[in-house]
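Here is the structure we will look at.
The values are calculated or read from the model by the stated rules, or taken from the named source; none is laboratory data. The structure displayed is predicted, hence computed values, not measured ones. In this analysis, Cβ positions are derived from the backbone assuming ideal geometry, glycine residues included, and neighbour counts consider all displayed protein chains.
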Amino acid sequence: MGQTLFFSVAVPLRYTRFPVITKQRLVHNARFPHKTASSIQAKAVLSEFPNERKYPRVGADSTGSIPAAELVGVVELAAKTGAEVVMAAVNKPRNISYKGVTDLVTDTDKLSESAILNVVRKNFKDHLILGEEGGLIGDTRSDYLWCIDPLDGTTNFAHCYPSFGVSVGVLFRGRPAAASVVEFVGGPMCWNTRTFSASSCGGAFCNGQKINVSQTDQVERSLLVTGFGYEHDDAWATNMNLFKHFTDISRGVRRLGAASVDMSHVALGIAEAYWEYRLKPWDMAAGVLLLETIGPATEDLKKKGINFSLWFKPESYVTDI
């Protein structure tokens, strides 16, 4: 997956100052000179009029043969079922194993995914499922693909840091159609949850109430969110430089450690924008739909040498997808 930038307003953020990102191959010691907006015309939008520019639709045009309300209902049930497993374990000792040096997994990840799979199979036996822990399961000829992150933010969960959740998104013919994210909030001694949901045929909701994004349209008045992968490669170095420069020109940049939670915060209007490299389908299938149903713009900043579209990946590195 490539780098993704989500703006939370109908008119994308207008930059008064923006770092120049050169088109040469980015390395760990790359430096980016500052120039004023007037000298390089560095704006995040090519036109002041949003209707003059077409943004590609990411979500599905419909939910297929399954009514939207029915599909969203099962998606939300699946996410809540996984969240019940996580809640039951949140105050108990963790049994931790490792996928890599620092990339960990707990028994709770696996138990949550198993509980979610049971819900999906009970309701839609012929659907294809892609889980972060279990991989691809089911009929590959199906029009429906469930992308499941049973515990997004496992490291945070392991430390009882309050930024993790359960993310379930369904793709219809390759495009997000229904989504739910259950975010854990509070912290030790006061854990609680809030549930986000959306379909490609309707708006986004939190605990059953319709939500709207922030109306802030200037980066210097914005709170931004990003994330960093485990691989310290060119993409990681690029993101570190972006983190530095966005910190210089915004109210601040936060790194919370759970992509679905980050996108939910933009959908809720408590952060203005989010970007990250190397996202996997289960990381973003739900969050992308939450944002698009409200109406944020996905920006393409090719003039800066960085493409912020949903599925972009630089030629200088290789990903699985």
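Within the set L136, L111, L145, the sole residue that is within 20 Å of the chain's Cα centre (by Cα), hydrophobic (A, V, I, L, M, F, W, C) and not in a loop (DSSP other than H, G, I, E, B) turns out to be L145. Taken together, the residues in region 41-75 that are part of a helix (DSSP H, G or I) and at pLDDT below 95 amount to 3. All of (1) within 18 Å of the chain's Cα centre (by Cα); (2) more than 30 Å from I66 (Cβ to Cβ); (3) not assigned by TED's automatic domain parsing to the domain that holds E276 hold for G203 with one exception: (2).
If you go through region 231-268 and keep only what is within 26 Å of A158 (Cα to Cα) and β-branched (V, I, T), you end up with V253, V261, V266. Got at least one residue in region 124-138 being free of Cβ contacts under 8 Å to residues at least 24 places away in the same chain and closer than 19 Å to A89 by Cα? No; the residues of region 124-138 include none that is free of Cβ contacts under 8 Å to residues at least 24 places away in the same chain and closer than 19 Å to A89 by Cα.
Just to be sure before I move on: is W236 in contact (Cβ under 8 Å) with a residue 24 or more places away in the chain and in contact with a helix residue (DSSP H, G or I) (Cβ under 9 Å, 6 or more places away or on another chain) in the structure I sent? The answer is no for W236.
Report, by residue number, each residue of region 156-166 that is outside any loop (DSSP other than H, G, I, E, B), surrounded by fewer than 24 Cβ atoms within 10 Å (Cβ to Cβ) and under 17 Å from the mean Cα position of the chain (by Cα). So that I can check it myself, show each step before the final result.
To start, the set of residues in region 156-166 that are outside any loop (DSSP other than H, G, I, E, B) comprises 156-158, 164-166.
Within this subset, residues satisfying the condition of being surrounded by fewer than 24 Cβ atoms within 10 Å (Cβ to Cβ) are 156, 158.
Matches in region 156-166: N156 only.
Screening the candidates V185, V166, V181, V119 for the property of being modelled with pLDDT of 95 or more and farther than 23 Å from G227 by Cα yields one hit, V119.
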